[in-house]
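Student: The structure under discussion is supplied below as structure tokens; questions concerning it will follow.
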Amino acid sequence: MLILHQNFSSISISKSIDKLCSLEDINVNENGEKRSYVIKHDKEPMETYCSLIFFAYDEIHKRDVVFKQIKDIEWAKKELALMKKLEKNNVPNTIKLLDYYIDEETGDHILIFPYLKKINTYHMNLVTVQKLMKQLISTLKCLNDLNIAHLDITLSNLMCDENDNLILIDFGLSLDCGLKPHPIGCGTPGFIAPELYDGTCNTCTPDVYSSGIVFGILLEPYIPKCGLENLGGRYIRSDIISNMHDSLLENYIYQSNNFRRSVINITGVPVIIYKAADLLYKMTQTDPLDRIKPSEILKHPFMTASEAEFELTTYDNYIERLHSKLIKTNTTRSIEFYS
């Protein structure tokens, strides 16, 4: 665990992220401003692949913060450089580095970030799903333009600020693309793109796939009986994704192509649901060459849909209609009523 000082429950640290903190400047930043943090012992630390996470309180600015302790100096320098690059290029909806500290006793590198709240996915309205995906994909496009792959996009790495805007966190596994192949199987099981298992991928394509898995998890209440409930599972297999694609094609995408604008009158399913199904299908293609790109996602009809197109898709309204059998969909040679 993080060792600060044996006889103190708080520490003061430098705000400078351009140089290592010496013993002389440890209590102030380059402007002579004091920094004081108190570790919250009532909150259990969390362990990630490359770090330990502690919760603390910023006594100067009266705010909760997060300490990320990284023992590997090269790993710490890489993440620190990336944080500065994101800030310099104004990449939207990404975690901001508040402070940087090297523990004088352990030599561990400690990055300090704002404390953010988890995204509340409970009973999420479809228009809110669209908002979050717009923000996530806009961030991915900026990362792609900088040739950066996040490589660990999961629901747990998506937080939100006080205005409920999405914030992408944990760039510990992030890499520059094109230099050398990404580590095999890099990421969180259930969200890892298939190309990361062949040992040759050095592009940003895995992030779209992982974002597609997140998208599918959020869509599960709106697109039932297509296998979306399996997404994100640790032991998900390629055949599960293939079966999901078959179900999306049969029950939504083909129907939408056949019925066009009259589809809601035939099936009772709002057109925006078909657009969501189409985007999910394109984001989760197992072949990265067939997968939709961030710039194309932002132009997709689901992403450009107006708020009026989300009529009848508030969570409670949609689920009530499902349970009352007002929504039906075609299956092979029959009409199926969801129960």
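Any read-out appearing in this document is the output of simple, stated calculations on the displayed coordinates, not a laboratory observation. Predicted model, so just to flag it, every value in this text is computed and none were measured. Neighbour counts run over all protein chains shown; Cβ positions are idealised from the backbone, glycine included.
Student: In whole Hz, with x marking every Gly and Pro, tabulate ³J(HN,Hα) for the range 192-204 from phi via Karplus 6.51 cos²θ - 1.76 cosθ + 1.60, θ = phi - 60°.
Tutor: Couplings: 7, 5, x, 5, 6, 9, 9, x, 10, 5, 9, 10, 8 Hz.
Student: Sticking with this one: With a 10 Å Cβ neighbour count serving as the proxy for reagent exposure, in which order, fewest first, do 322, 155 appear?
Tutor: By the 10 Å Cβ count, ascending, the order reads 155, 322.
Student: Distance in nm between label sites at residue 38 and residue 88, each 7 Å beyond Cα in the beta-carbon direction?
Tutor: Result for the modelled spin labels: 3.8 nm.
Student: Applying the Karplus parametrisation 6.51 cos²θ - 1.76 cosθ + 1.60 with θ = phi - 60° to the phi angles of the range 240-250, what ³J(HN,Hα) value in whole Hz is obtained for each residue in order, glycine and proline being reported as x?
Tutor: Coupling constants for the range 240-250: 5, 5, 4, 5, 4, 4, 4, 5, 5, 5, 5 Hz.
Student: Right, next: Name the residues of the range 31-74 whose amide N is less than 20 Å from a point 7 angstrom out from the Cα of residue 176 along the C-beta direction?
Tutor: 73-74
Student: Once phi is turned into θ = phi - 60°, what whole-Hz ³J(HN,Hα) does the Karplus curve with 6.51, -1.76 and 1.60 give for every residue of the range 155-162, x standing for Gly and Pro?
Tutor: 4, 6, 9, 10, 10, 9, 8, 5
Student: For the peptides 156-163, 52-59, what is the packing order when you average, over each peptide's residues, the other Cβ atoms within 10 Å and list the highest mean first?
Tutor: Output ranking for 156-163, 52-59: 52-59, 156-163.
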